[in-house]
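The values are calculated or read from the model by the stated rules, or taken from the named source; none is laboratory data. The structure presented is a predicted model; accordingly, all values stated were derived computationally and were not measured. Here the Cβ is made from the backbone with ideal geometry for all residues, glycine too, and neighbour counts use every protein chain on show. Protein only, heavy atoms only, side chains kept; ligands, DNA and RNA dropped before computing areas. Shrake-Rupley method; radii C 1.70, N 1.55, O 1.52, S 1.80 Å.
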Amino acid sequence: MGRVGKVTAKESGGSLVRRILLGSQLRRLRESRGITREAAGYAIRASESKISRLELGRVSFKARDVEDLLTLYGVTDEQEREALLGLVREANIAGWWHSYGDVLPGWFQTYIGLEGAASLIRIYEVQFIHGLLQTEAYAHAVVARGMPGAPEAEIDRRVALRLERQKVLVSERAPQFHAVLDEAALRRPYGDRAVMREQLKHLIEISEQPNVTLQVMPFSFGGHSGESGAFTMLRFPESDLSDIVYLEQLTGALYIDKPEEVAQYERAMDRLREDSPDPEGSRDVLRGLLQLI
């Protein structure tokens, strides 16, 4: 089997991160030479908008284009050129999720790549239990509720994708995962009582994993810092890549990486952690809810 066939979730997610890193390095080189995006596009027979997409890591790179851009930017050192061209090869590895393209919107493919490359994932959820923590039956109920009238085969494909994503938490280089679940997400039924009981038991079990920290924000606390709704924070091992906040919407997603805006979510997450019961106390909350079902 070839190299691409052996790509793990972490490696294929890393390819997206490398694409973003390469784009940001090309942008810095262009700006340091005072070259416009329009001029850079002309050099590789492309539009200004394509240069913008390349620099944001939103499209794949061709080695020839990168070679031409490096020449335009005055990068002549062979070692420097080879290091950047090596990133091109790594950035173009296809992610495992591309086989689910029939049920996966393009804007979510980006998130899965980032999720698979992160070294730290922090989430706050209020509507339902986060996808990385869902049982198969609960995931099926969530997808079916969100897609009334969809063929069963499509629902099954979407559930299979969600279960595949979950492998990141038990992979060889699994990230640290910190989840704060609002009590509303635990009480809102998806599926029947058996589904909800199985889901709560799963949360208790998975919360014991060394890389997983699970806390519950109880109703009894009242108003809290998660008032703006669900969000995800991603941190990466590459020092050149800033933390990203991911906000999912009905028909797309928003990625926030401006330091001052990320810092606001950081403070909100820190307060949620401080104000929620600790992991053992949160397991007690889960056990209490289990007794009520």
Of PRO279, PRO237, which residue is open to solvent by 60 Å² or more (accessible area, probe 1.4 Å), of a type outside the set (Val, Ile, Thr) and touching a residue at least 12 places away in the same chain (Cβ under 8 Å)? PRO237
Residues in segment 21-32: is at least one acidic (Asp, Glu), without any contact (Cβ under 8 Å) to a residue 40 or more places away in the chain and farther than 30 Å from MET233 by Cα? no
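Results for (1) in a helix (DSSP H, G or I); (2) touching a residue at least 24 places away in the same chain (Cβ under 8 Å); (3) closer than 21 Å to GLU227 by Cβ, shown as yes or no for each residue.
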{"site": "LEU247", "(1), (2), (3)": "no, no, yes"}
{"site": "GLU260", "(1), (2), (3)": "yes, no, yes"}
{"site": "GLN264", "(1), (2), (3)": "yes, no, yes"}
{"site": "MET269", "(1), (2), (3)": "yes, yes, yes"}
{"site": "GLU274", "(1), (2), (3)": "yes, no, yes"}
{"site": "ASP284", "(1), (2), (3)": "yes, no, no"}
Within segment 167-217, work out how many residues are within 16 Å of ARG287 (Cβ to Cβ) and open to solvent by less than 20 Å² (accessible area, probe 1.4 Å). 12
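Quick grid of which residues meet (1) outside any helix (DSSP H, G or I); (2) within 19 Å of the chain's Cα centre (by Cα); (3) buried (at least 21 other Cβ atoms within 10 Å of the Cβ); (4) at pLDDT below 90:
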position	(1), (2), (3), (4)
GLU67	no, no, no, no
GLN79	no, no, no, yes
HIS98	no, yes, no, yes
ILE112	no, yes, yes, yes
GLN127	yes, yes, no, no
What are the residue pairs meeting all of these: first residue in segment 187-203, first residue in contact (Cβ under 8 Å) with a residue 60 or more places away in the chain and more than 11 Å from LEU290 (Cα to Cα), second residue among the aromatic types (Phe, Trp, Tyr) and buried (at least 21 other Cβ atoms within 10 Å of the Cβ), Cβ atoms under 7 Å, and 6 or more apart or on different chains? ARG188/PHE128; TYR190/PHE128; TYR190/TYR138; VAL195/TYR138
Hey, among the residues in segment 131-142 that are open to solvent by 10 Å² or more (accessible area, probe 1.4 Å) and either in contact (Cβ under 8 Å) with a residue 40 or more places away in the chain or among the aliphatic types (A, V, I, L, M) (or both), which one's nearest to HIS178 (Cα to Cα)? THR135
Somewhere in segment 33-53, is a residue among the aliphatic types (A, V, I, L, M) and either open to solvent by 70 Å² or more (accessible area, probe 1.4 Å) or in contact (Cβ under 8 Å) with a residue 60 or more places away in the chain (or both)? no
